[in-house]
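Structure first, then comments.
The values are calculated or read from the model by the stated rules, or taken from the named source; none is laboratory data. None of the values given here were measured: they were computed from a predicted structure. Cβ: placed from backbone, ideal geometry, glycine included. Neighbour counts: every protein chain shown.
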Amino acid sequence: MRAPRWLTSHRRWLAICLAAAIVVWPLGYFWASSLLPSSYSVTDMGYPDYGGGSRGGDQQGEMAGMAGMHRMPGMPSTPEMSSVSRSVETLTVGTDRPADVLVTLTARKQVFTLAGGRSVDGYTLNGTSPGPEIRALQGQLLEVRLINESVPDGITVHWHGLDVPNADDGVAGVTQNSVPVGGEFVYRFLLSQAGTYWYHSHQVSHEQVVGGLLGALVISPAAPAAAAADPGAVVDEIALAHIYDGRRTINGRDDDVPIQAPPGARVRVRIINTDNGAMLAWVAGAPFTLVAVDGTDLNEPGRLTDRAVQVTAGGRADLEIVQPADGSIVRVVLGGSNSLLLGSGGAPAGPVPAVGAAPEILDPLSYGAPAPLGLNPDAPDRSFDYSIGRRPGFVGGVPGLWWTINGHLFPDVPMFVVADGDVVRMRISNDSGEVHPMHLHGHHAVVVSRNGVPATGSPWWVDSLTVADGESYDIAFRADNPGIWMDHCHNLPHATQGLVAHLMYEGVTEPFLVGADTGNQPE
Amino acid sequence: MRSTYRVLAYLIAAEVVIQASAIAYAVFGLTKYIDDGAVVDKATQETGETFEGVVGFIVHGINGSTVIPAIALVLLVVSFFARIPGGVRWAGALVALVVLQVTLGMFAHGLPLLGALHGINALAVFAVAVVAGRRARSGPMRAASTTSTADRAVV
């Protein structure tokens with residue numbers, strides 16, 4: 001086939017240049033428009049999504065003008081809102097009463113030795129990683145003084161799962177500035193929720209959390225009924241799972257952790273998954289009960305045998321085991337790699353149960369018995385979609401296959417706007433090809449349905465929810481904690497890849513900035 | 001332009017070799033890791049630096065999702081300038097096969113059997129890349145003399 005004559009003439013070059021321009025110009029445009037300002041407010045990101053609710057008067061015009069952040073690079077956010085507007089900084093505990101529990105956390109970047117003896121180059125709090133276990137009672141006021149001794153990128157502490165006042169949420173560039181070397185920051189909040197929680201840095205978190213800047217936080221009921229009746233019969237253990245240098249540890253140990261538990265004792269194992277992916281937990285040698293998820297007790301949970309519990313990345317699961325009367329050993333398997341061995345005395349009584357294969361995964365959607373939710377998910381004030389996808393494009397000038405939220409690439413993502421007191425319903429759907437553990441700050445949401453199948457079990461309140469590829473969850477929560485809250489994937493590298501949105505209350509202003517020039521990099 | 005076309009086409013063939021090598025390294029590293037008593041679950045998988053060979057997964061992923069598609073697109077652009085008989089069509093075929101390959105790779109995470117096709121299609125990418133490179137191998141005169149038969153084969 002001979003080339004047509006016109007192709008051999010100068011018109012050929014014209015056509016080629018035109019074709020190249022048609023390809024290159026949009027590519028250049030998309031590249032340029034994906035570049036992030038060196039400093040910006042998260043409230044200037046993307047576009048507002050009011051979820052069918054009020055548009056908050058003047059705020060509407062203000063927000064609409066901000067749509068498409070690339071049009072206003074580097075502008076600090078100073079929206080002129082109505083007289084009710086409050087800065088994030090003012091959203092504190094609101095009491096000067098002295099703290100009941102005082103903790104000082106000193107952060108260092110260093111080589112350290114795990115409890116199990118392995119040496120790790122990472123981050124410590126008070127010289128250890130995991131950091132100190134913080135235990136307190138419900139209703140107490142906790143005050144934590146965070147000191148950065150030697151973490152060059154700066155640090156913060158986020159109280160994962162605790163619905164603290166916004167100013168204490170510990171997200172760099174959103175609720176505070178990161179604490180530089182030599183600096184400090186004081187967190188003060190009331191411990192209103194009993195349960196299992198954890199804390200971790202939310203500055204360069206994909207590195208600092210992986211490197212060990214984290215710890216467990218457990219709040220016990222002020223007067224635990226069962227313990228009061230028979231305190232000797234209750235064993236309460238934290239099992240914080242964290243992978244250091246590719247190997248899972250439980251409370252810093254590589255090997256199985258022996259736990260003293262006499263025959264007949266009720267053992268509560270508080271499992272905390274601090275890693276970037278889900279972990280299965282199951283029990284060999286005795287039945288067990290899943291008594292709490294993400295710090296919230298389940299209603300009338302049933303006894304389980306041959307079931308595994310999936311602990312979401314960032315999530316918690318409390319298992320209760322009644323020790324066999326014959327004194328035999330019970331194995332609580334965590335991820336198949338590590339175990340707690342529950343037994344009494346120095347000498348093992350009988351054989352240690354094998355790890356075995358992971359049994360079928362428990363579906364919390366139909367586990368336990370229903371109970372009042374305290375809100376009506378069928379009459380929400382706002383309804384949002386948080387639809388996760390993936391497509392080629394540019395984020396921060398870098399080409400790649402990036403996560404999308406409602407079809408948009410970071411930072412052109414929705415800002416979910418709510419008003420104080422709203423009942424909010426959100427559909428989180430995932431067609432991105434990978435699983436995403438979604439974490440909403442400052443609130444607990446109840447699972448209403450999955451893939452259209454309504455929840456029929458105990459109210460399943462979560463702060464961290466595994467949304468597998470092809471799944472769709474309807475969740476509901478009451479917007480009762482004003483502020484600006486991250487709503488992001490807790491597979492932390494995914495957050496750096498743009499799977500981050502925010503929930504913003506009407507009338508709340510953002511004094512902090514993120515970006516390369518600000519020292520604040522929450523992901 | 002002709003040599004650019006040739007280099008890019010062979011580069012894609014070389015990338016297929018790297019892809020095969022990387023994924024084999026990773027899989028053997030993974031099985032050794034498990035043989036040594038370690039356990040892989042979602043949490044460990046998402047941690048990255050777990051075992052010798054894990055870099056193979058990372059290389060395979062970045063190469064396959066970004067680098068190879070980019071080279072294929074550049075090859076397609078270059079093919080319009082290179083005046084290689086059938087060069088545009090071979091470059092276009094290569095782009096199509098690479099798109100198919102990336103798609104298979106993505107969806108195989110949900111349907112592992114697609115991974116088998118992913119492995120077979122890799123050989124198609126390799127073969128077409130080599131053919132495209134060979135077409136740009138020699139001078140214009142000789143290439144022109146082979147044009148008619150090759151084009152018939154394509155059409």
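Annotations for the structure displayed:
- Test: residue in region B:37-58 that is within 9 Å of chain A (Cβ to nearest Cβ), exposed (fewer than 15 other Cβ atoms within 10 Å of the Cβ) and at pLDDT below 90: yes
- Condition met for residue A:341 (part of a strand (DSSP E or B), of a type outside the set (Lys, Arg) and modelled with pLDDT of 95 or more): yes
- Residues of region A:97-131 classified as assigned to a loop (DSSP other than H, G, I, E, B), surrounded by 15 or more Cβ atoms within 10 Å (Cβ to Cβ) and either in contact (Cβ under 8 Å) with a residue 40 or more places away in the chain or basic (Lys, Arg) (or both), total: 8
- Residue ID - farthest from the other protein chains (Cβ to nearest Cβ), chosen from residues in region A:263-276 that are touching a helix residue (DSSP H, G or I) at 6+ places or on another chain (Cβ under 8 Å) and surrounded by fewer than 24 Cβ atoms within 10 Å (Cβ to Cβ): A:264
- Qualifying residues in region A:21-48 (those that are within 23 Å of the chain's Cα centre (by Cα) and assigned to a loop (DSSP other than H, G, I, E, B)) - the one modelled with the highest pLDDT: A:41
- Per-region count, region A:191-240, residues in a loop (DSSP other than H, G, I, E, B), of a type outside the set (Gly, Ala, Ser), farther than 23 Å from residue A:122 by Cβ and at pLDDT 90 or above: 3
- Options A:363, A:378, A:294; residue that is under 27 Å from residue A:499 (Cβ atoms), surrounded by fewer than 16 Cβ atoms within 10 Å (Cβ to Cβ) and either more than 14 Å from chain B (Cβ to nearest Cβ) or among the aromatic types (Phe, Trp, Tyr) (or both): A:363
- Restricting region A:317-342 to residues that are within 16 Å of residue A:248 (Cα to Cα) and within 14 Å of another protein chain (Cβ to nearest Cβ), the residue that is surrounded by the fewest Cβ atoms within 10 Å (Cβ to Cβ): A:336
- Selected residue (criterion: nearest to the chain's Cα centre (by Cα)) from residues of region A:144-167 that are surrounded by fewer than 24 Cβ atoms within 10 Å (Cβ to Cβ) and not in a loop (DSSP other than H, G, I, E, B): A:167
- Flag if residue A:385 is surrounded by 14 or more Cβ atoms within 10 Å (Cβ to Cβ), more than 14 Å from every other protein chain (Cβ to nearest Cβ), in a strand (DSSP E or B) and of a type in the set (Asp, Glu): yes
- The residues of region B:27-36 that are over 26 Å from residue B:104 (Cβ atoms) and away from chain A (no Cβ under 12 Å), listed by number, are B:32, B:35.
- Test result for residue B:64, within 12 Å of chain A (Cβ to nearest Cβ) and outside any helix (DSSP H, G or I): no
- The C-beta contact set for region A:486-505 (first residue modelled with pLDDT of 95 or more, second residue of a type in the set (S, T, N, Q) and assigned to a strand (DSSP E or B), distance under 6 angstrom, 6+ apart or interchain) comprises A:490/A:464.
- Output for region A:484-515, where each listed residue is in a loop (DSSP other than H, G, I, E, B), on the phi > 0 side of the Ramachandran plot and in contact with a Ser or Thr (Cβ under 7 Å, 6 or more places away or on another chain): A:507
- Checked against the criteria, residue B:72 does not count as among the aliphatic types (A, V, I, L, M), in contact (Cβ under 8 Å) with a residue 60 or more places away in the chain and more than 30 Å from residue A:491 (Cβ to Cβ).
- Residues being polar (S, T, N, Q) and either in contact with a helix residue (DSSP H, G or I) (Cβ under 7 Å, 6 or more places away or on another chain) or more than 24 Å from residue B:45 (Cα to Cα) (or both) - total across region A:310-368: 4
Conditions (1) within 14 Å of chain B (Cβ to nearest Cβ); (2) of a type in the set (A, V, I, L, M, F, W, C); (3) crowded, with 23+ Cβ neighbours inside 10 Å, marked per residue:
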residue: A:408; (1), (2), (3): no, no, no
residue: A:413; (1), (2), (3): no, yes, yes
residue: A:433; (1), (2), (3): yes, no, no
residue: A:441; (1), (2), (3): no, no, yes
residue: A:454; (1), (2), (3): no, no, no
residue: A:468; (1), (2), (3): yes, yes, no
residue: A:475; (1), (2), (3): no, yes, yes
residue: A:482; (1), (2), (3): no, no, no
residue: A:489; (1), (2), (3): yes, yes, yes
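- Cross-chain or 6+ apart pairs with Cβ under 8 Å, region B:91-114 first and within 13 Å of chain A (Cβ to nearest Cβ), then in a loop (DSSP other than H, G, I, E, B) and of a type outside the set (Asp, Glu): B:106/A:433; B:107/A:433; B:109/A:433; B:110/A:433; B:110/A:470; B:114/B:108
- Of the residues making up region B:1-22, those that are surrounded by fewer than 21 Cβ atoms within 10 Å (Cβ to Cβ) and either assigned to a loop (DSSP other than H, G, I, E, B) or hydrophobic (A, V, I, L, M, F, W, C) (or both) are B:1, B:7, B:11, B:13, B:14, B:17, B:18, B:20.
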